[in-house]
Structures are given as structure tokens and as C-alpha cells.
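What follows is a single structure, written as C-alpha cells, with notes after it.
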Amino acid sequence: MKLPEFIGLDIGYSSVKMAQIIFEQGNVPRLMGVGHSEISKPLNILKDEKEKKELADRIRTLKETLLIKTNKCVVALPEAMIFSKIIAVPDLPEDQLEKIIYFEARNHLPIPVEDVNLDHIPIAKKAVDNRTIQQILMIAAPKNIINMYLEIINLAGLEPLALETESLATARAMTYKVDMAQGALVVDFGSKNIAVSIIKGKNVIFSQSIGTGSDALTQAIARDYNIDLRQAEQYKITYGLLQSQLEGKIAKSLLPVMQIINNELNKIINFIKINLPDFAPSEMLLVGEGSLLPGLVTFFNLNLGIPVKLVDPFSILELSDMAKNEMTNFSRPAFTVAIGLALKVE
């Protein structure tokens, strides 16, 4: 079913991002409005009605500032708040498969299965001991997280058409104009966490969150040089991992944290190579606010053993004059999730 006019809404840890796309003749996506607003607290730690109203007001004000008329939205759930796991189950009809997944979830989830909304994505089928086994990505979204999002969306005067994971939205933006013929490792470098997914064709095969993000890099600089976080952030975005700047002193502070992130990414790559060899990544696609760290692409190119590209999610879009003006105020890779949400068509 074709969706009515709506906005893509990405409620992150430190900001809210919003995008609206319309499809012109020939299904050409035109970006009509895009913007962001800083927030003081992430949605999942809001304590009282006053804080909830403040966040809702930020969302409403942003929509009004962008002159967006529709109240309908598609919203992203952060990967760090979602449980996902690859499971192997018998090749069964869909109605029987759902029962098997329910019982598998009881064995794998850290919370009762009754407290989550379950979904699944088929990955592959293979023959094992004369029977066919399905590999499935099981996704579980805690109901309390969903209810918090729905409450804030309602307070902002919006009507949700769908909620989906960040990785699904990112995959849509990455594959809108091209299918991934080979597996691709997609890394969304956020402030608190890094959302990692494997995409092949147009499908998400695997997703996971790494609990270290760009803020940890800022904190490392602040700690090493005994400076405040604001100044440390400026050093980070100016000098990053560049060994040629400030005698490599900032890079030296960042390397221990970067090594942790690199090790986690290598674990994921090796897991896919062993368990899902047909989907082993041949390249890494880098998005998110933290992806603009100077020297980051070179660092991963040297340490991961696969080519690394920084992706501009706006490159697939036609831009309205208003969108062009708005885009001068922010970094493009940070809007990958919002763009992916806004590209949803059914």
C-alpha cells in the first residue's frame, strides 16, 4: 500500500533530525525539507512529563520551521535499543515459522518475549544433513521503548505510520539506486553508539550496535589534556586521526578508543565470514556524524582489510531550493537515517 505524504523522523541521543521527500515524475526523489534540532536528553532517559513535553515541543517547532504541513511520520528506533540475533530454524511455512521464532526468542532474549514486538528477516536457506535450514535475522523491539516513542510522537502532534530500525532505514538510503551485488559493511558512526549492519541486494542481513561512539573520542582528548569537552570536541573535529597535525598528539589520544572500535568491527567481519560466507563484506560504507572525523577513512582502510567509502546520502536526491539552503548548516552523513526513512514508499 502506497504511503500518504509523511516525514522521516530520527530521534537520536543528542538531536532530532527530520526529512521530507516527494516523488516526482519517474519516481525521482526530491528533498523538500530537512533539518535538525539539538536536544538535552535522549528519549529513553526522560524522567517526567515536563522533559517529555520539551522534547515534543522541539520536534513540533522543527517541523514548523521547515514549513512541513503533514503530521504523518515514519520513525527510527535506535539500533542500541533493539535486540537482534541470527538463528537457524527448519524450513517451514510462515504460520509455523512464527511459532518457532517465538520459542527461539524465549531462549535468546535477555527480557521476557511477552515484553517485545518480534519481527524477522529471512537471510538464506541451506541443506544440512538432508534437510533444509533457514537462517533468519530475529529482531525484537522492547514494548516499553516503542511506547515511549509513541508517547513523544503523540505529544508532538504527529501520527506514526511505521516504526523501523535504523539499519533498515540506512539500507534503504544505501540501496535506493543500486543493489549491493556483494555484501557491504555499513557503519553509522554516532555520538554514543555505532550501528553496524551487513547489507546485500537491498536487504539487511545482520545488525549490531557497538557501545562506543564519537563522544568517547572527545572524552579521551579532554582527559589526556585536562580540557573541557567543548574544547576537546573542537580539537577532535579539526585534527582527528591526522598524524601530521599537532605532531600527532590528538591522534595519539584517539587511537586507544579507535582500536576498540576497530577490534569490534573485525569481530563482526570474521563472524559473517564464518557463519554467512555468502554475505561476507567486500567494502565498508561509512555514514553518521562521526564519520567526518579527519583521517577516519584512512584509518579503517589500513586496519580492516577492505575498501572504505564515506557516503553522502543526499547524492541520490534532487534538492528543492529550501533544502539547499537548509543543508549549509549541517553535515550530510548525519542524515542518512532520516533520508532512509523519508524514502519509504510502502
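Worth pointing out:
- Flag if V196 is at negative phi, free of Cβ contacts under 8 Å to residues at least 12 places away in the same chain and of a type in the set (A, V, I, L, M): no
- Breaking point among (1) touching a residue at least 40 places away in the same chain (Cβ under 8 Å); (2) in contact with a helix residue (DSSP H, G or I) (Cβ under 6 Å, 6 or more places away or on another chain); (3) not aromatic (F, W, Y), for K202: (1)
- Scope region 104-144; condition in a helix (DSSP H, G or I), surrounded by fewer than 19 Cβ atoms within 10 Å (Cβ to Cβ) and touching a helix residue (DSSP H, G or I) at 6+ places or on another chain (Cβ under 8 Å); matching residues: R106, V113, D115, K143, N144
- Filter result (touching a residue at least 40 places away in the same chain (Cβ under 8 Å) and out of contact with any strand residue (DSSP E or B) (no Cβ under 6 Å at 6 or more places or on another chain)) within region 331-342: S331, A334, G340
- Test: residue in region 174-184 that is crowded, with 18+ Cβ neighbours inside 10 Å and closer than 19 Å to F300 by Cα: yes
- Test: residue in region 58-72 that is under 30 Å from V113 (Cα atoms) and assigned to a helix (DSSP H, G or I): no
- In region 224-245, the residues that are exposed (fewer than 14 other Cβ atoms within 10 Å of the Cβ), of a type in the set (K, R) and in contact (Cβ under 8 Å) with a residue 24 or more places away in the chain: none
- Some residue of region 81-100 being among the aliphatic types (A, V, I, L, M), outside any strand (DSSP E or B) and under 23 Å from the mean Cα position of the chain (by Cα): yes
- The set of residues from region 307-346 being at pLDDT 95 or above, among the aliphatic types (A, V, I, L, M) and assigned to a loop (DSSP other than H, G, I, E, B) comprises just one member, L343.
- One residue alone among A88, A127, A105 is touching a Phe, Trp or Tyr at 6+ places or on another chain (Cβ under 9 Å), more than 22 Å from E159 (Cα to Cα) and not acidic (D, E), and that residue is A105.
The values are calculated or read from the model by the stated rules, or taken from the named source; none is laboratory data. None of the values given here were measured: they were computed from a predicted structure. Virtual Cβ from ideal backbone geometry, glycine too; neighbours counted across all protein chains shown.
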